[in-house]
Structures are given as C-alpha cells and as structure tokens.
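**Q** Submitted below is the structure of interest, expressed as structure tokens.
The values are calculated or read from the model by the stated rules, or taken from the named source; none is laboratory data. All of these numbers come straight from a predicted model, not from anything done at the bench. So basically every Cβ, Gly included, is an ideal-geometry build from the backbone, and we count neighbours across all protein chains shown. Each accessible area value is taken on the protein alone, full model and side chains, heavy atoms only, with ligands, DNA and RNA left out. Shrake-Rupley method; radii C 1.70, N 1.55, O 1.52, S 1.80 Å.
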Amino acid sequence: MFLSLWEFFYGHFFRFWMKWLLRQMTGKCELQRIFDTYVGAQRTHRIENSLTYSKNKILQKATQVVESEVDKYVEDIMKEKNINPEKDTSFKICMKTCLLQITGYKQLYLDVEDVRKRPYDSDNEQHEKLLLKLWNLLMPTVKLTARISKQWADIGFQGDDPKTDFRGMGILGLINLVYFSEHYTREAHQILSRSNHPKLGYSYAIVGINLTEMAYSLLKSEALKFHLYNFVPGVPTMEHFHQFYCYLVYEFDKFWFEEEPESIMYFNLYREKFHEKIKGLLMDCNVALTLKI
C-alpha cells in the first residue's frame, strides 16, 4: 500500500519537480545527465526508463520505433529538449546507440517469438534437412539407418521421431541445437559424450530444447536486457540470442556434473536451481555472459 502510494506520488509529482530542479542547477536535461554519469547497460536502462515515463509523447514513442526511424527520433528528442548539437557533441551518438539497443531488444523478442511459433513440419524439406544436419554434426561417423529410428535416442531424443519433441519450442529448439553443434562442434561432442554417463547422464537433445525454453523465457521477461545492452553495442540479433543459448548449454552441463544429482528424476529441481543462478547473474548491471572455452 505504502509502496504503491510512493510510486504514484513520485511518478506524478516528485519526479517532475526533481528533474526541474536538477535542470536549473546543471543546465542539462535528465537525458544529458544520464549520459554524463553512466555507461554500458546502466546508461541504456536509465535512458529507457526516462523515455518510457516521460510525459512527452515523442519521448515515450521513441522506445517503440523501428530501426529505420531511430535517426529521426534522435533529432526529435534533441528538438524537444532544446539540445544544441554543437555544445553537446556526443548526445546524438549516445542517444542513437541507446535507441538501437532498446528498440532492437523489442524486435529481437518478436523475431524469436516468430520462430518459436513455427512448428516442426516433417513435410517441410528445410526442416528435414536441418534435422539430418544435426545428426551428421553430432554423429559424423554413424549413418542414420532411417528417418524414423531408435537411433535418435543416441543424441537424446525421446522417441523414434524427433519431431514430437519440438512441440513446445517449435523449430527454434532445432535451430538452437544445430547452432551449438555447428559453431562449437568439439564442445557439443564432449557434452553429448558426458550426457551418456552411466550415473549422471541426461538426454542431450531434450535438455537442449529445455534450455531453449529457458533462454526464451529470460528474453521475454526482459531479464536479458543488462546482458545484451552490455554485450551488443547496437542492435541485438538472433545471432546474439543463439550465443546466449550456447552459454546456457555449456554452463548447464558443468553445473549438472558439479551438483551430481542422485537421479535424472531430479532434473526439474536442478534445472530450476540453475535457472535461479542465471537470473541472479543477469541482475548485475555489468553482466555479459559469454561462452569462455
């Protein structure tokens, strides 16, 4: 109750007068003060909040534009805030970078969601080729005897036809598995081998799809903002999402073997424990989770 009242009065009264007072004292608007004080994700995050909670409609809309409109909105913001580009030579560059990151994050979520919603289609030649590519990347010396085969269990699928395992994450789950196997082939082979451990083993492909869901949920909840704002000095793309997924796969395997679960039956418990660990790391405004091999 008290917190809600404070947020209301701060948003509607105190914040306005505080900004006005600081502008009189420094001769600079809130956006300029943020650029002078902060760097990295802290800067972009504070700029995003300042624009979002502004009473100025142009500033509010600046966080919702597409990439091609960013330059125009940078100019509009400078006009609205009476910022002289000759006196503040860095403002334009800094604001453009922040807007590219802010709007790029929103677009990245839409792009990932679009791929996630596409179901695996066994009648789609591209989907089938991608699935066979995964097999060849992970089992280069073993020939797949048939498209529907018990061999799929060797790389961690549950049934004879992997398409049923992609229901939750659609084609995104397969794309991520292939990306990791293609860009980190040696590590993929090592993790696949470790996943066959007689006591600590787990289903490689199923866990990989599960980690796609984790990466997706972190993106959707905006928990990846600090990471991407620090890691990408511009527009975040699907490539950066795939890289984060690779980080999760590599780190989860290490985490699993360090924890030494009694049984695979405890997978959900340890999966959630790992999830909480990652969320904790992502709360650090200086975070940048990169795969270090």
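**Q** Need the failing condition index for residue 226 against (1) of a type in the set (A, V, I, L, M, F, W, C); (2) in contact with a Leu (Cβ under 8 Å, 6 or more places away or on another chain); (3) over 16 Å from residue 104 (Cβ atoms); (4) not in a loop (DSSP other than H, G, I, E, B), just the number.
**A** (3)
**Q** Give the number of residues within segment 114-150 that are in contact with a helix residue (DSSP H, G or I) (Cβ under 8 Å, 6 or more places away or on another chain) and under 15 Å from residue 241 (Cα atoms). Talk me through it step by step, then tell me what you get.
**A** Of segment 114-150, the ones in contact with a helix residue (DSSP H, G or I) (Cβ under 8 Å, 6 or more places away or on another chain) are 115-122, 127, 130-131, 133-135, 137-139, 142, 144-145, 147.
Those still in the list that are under 15 Å from residue 241 (Cα atoms) too: 115-116.
Looking only at that region, the number is 2.
**Q** Here's another thing I want to ask about it. Inspect segment 85-94 for any residue being at pLDDT 95 or above and touching an Asp or Glu at 6+ places or on another chain (Cβ under 9 Å) and give the result as yes or no.
**A** The answer is yes; a qualifying residue exists.
**Q** I need the full set of residues from segment 76-115 which are among the acidic types (Asp, Glu), open to solvent by less than 70 Å² (accessible area, probe 1.4 Å) and more than 28 Å from residue 239 (Cα to Cα), in order please.
**A** Scanning segment 76-115 gives 76, 88.
**Q** Which condition number does residue 171 fail, the rest of (1) assigned to a loop (DSSP other than H, G, I, E, B); (2) in contact with a Lys or Arg (Cβ under 6 Å, 6 or more places away or on another chain) being met?
**A** Of everything listed in (1) assigned to a loop (DSSP other than H, G, I, E, B); (2) in contact with a Lys or Arg (Cβ under 6 Å, 6 or more places away or on another chain), residue 171 misses just condition (1).
**Q** Turning to a different aspect of this structure: Applying the selection to segment 39-57, what residues are farther than 23 Å from residue 109 by Cα and either open to solvent by 60 Å² or more (accessible area, probe 1.4 Å) or part of a helix (DSSP H, G or I) (or both)?
**A** 39, 55, 57
**Q** Take the residues in segment 82-116 that are in a helix (DSSP H, G or I) and basic (Lys, Arg), then tell me which one is farthest from residue 41 (Cα to Cα).
**A** First pass over segment 82-116, keeping only residues in a helix (DSSP H, G or I): 91-116.
Now narrow it down to the ones that are basic (Lys, Arg): 92, 96, 106, 116.
Details: 92: 18, 96: 14, 106: 15, 116: 27 Å.
The qualifying residue farthest from residue 41 (Cα to Cα) is 116.
**Q** Please specify each residue of segment 27-38 satisfying the condition of being open to solvent by 10 Å² or more (accessible area, probe 1.4 Å) and of a type in the set (A, V, I, L, M).
**A** Matches in segment 27-38: 34 only.
**Q** So, one more: Just the residues that are hydrophobic (A, V, I, L, M, F, W, C) and surrounded by fewer than 17 Cβ atoms within 10 Å (Cβ to Cβ), please, taken from segment 207-234.
**A** 223
**Q** Step by step: first the residues of segment 253-292, then only those that are under 17 Å from residue 202 (Cα atoms), among the acidic types (Asp, Glu) and surrounded by fewer than 13 Cβ atoms within 10 Å (Cβ to Cβ), then the one that is nearest to the chain's Cα centre (by Cα). Which residue is that?
**A** 272
**Q** Quickly run through segment 148-160 and pick out the residues that are open to solvent by 30 Å² or more (accessible area, probe 1.4 Å) and either over 14 Å from residue 136 (Cα atoms) or touching a strand residue (DSSP E or B) at 6+ places or on another chain (Cβ under 8 Å) (or both).
**A** Those that are open to solvent by 30 Å² or more (accessible area, probe 1.4 Å) and either over 14 Å from residue 136 (Cα atoms) or touching a strand residue (DSSP E or B) at 6+ places or on another chain (Cβ under 8 Å) (or both): 148, 150, 153, 158, 160.
**Q** Name the one entry in 187, 128 that is open to solvent by less than 50 Å² (accessible area, probe 1.4 Å), touching a Ser or Thr at 6+ places or on another chain (Cβ under 8 Å) and either of a type in the set (D, E, K, R) or free of Cβ contacts under 8 Å to residues at least 40 places away in the same chain (or both).
**A** Of the residues listed, the single one that is open to solvent by less than 50 Å² (accessible area, probe 1.4 Å), touching a Ser or Thr at 6+ places or on another chain (Cβ under 8 Å) and either of a type in the set (D, E, K, R) or free of Cβ contacts under 8 Å to residues at least 40 places away in the same chain (or both) is 128.
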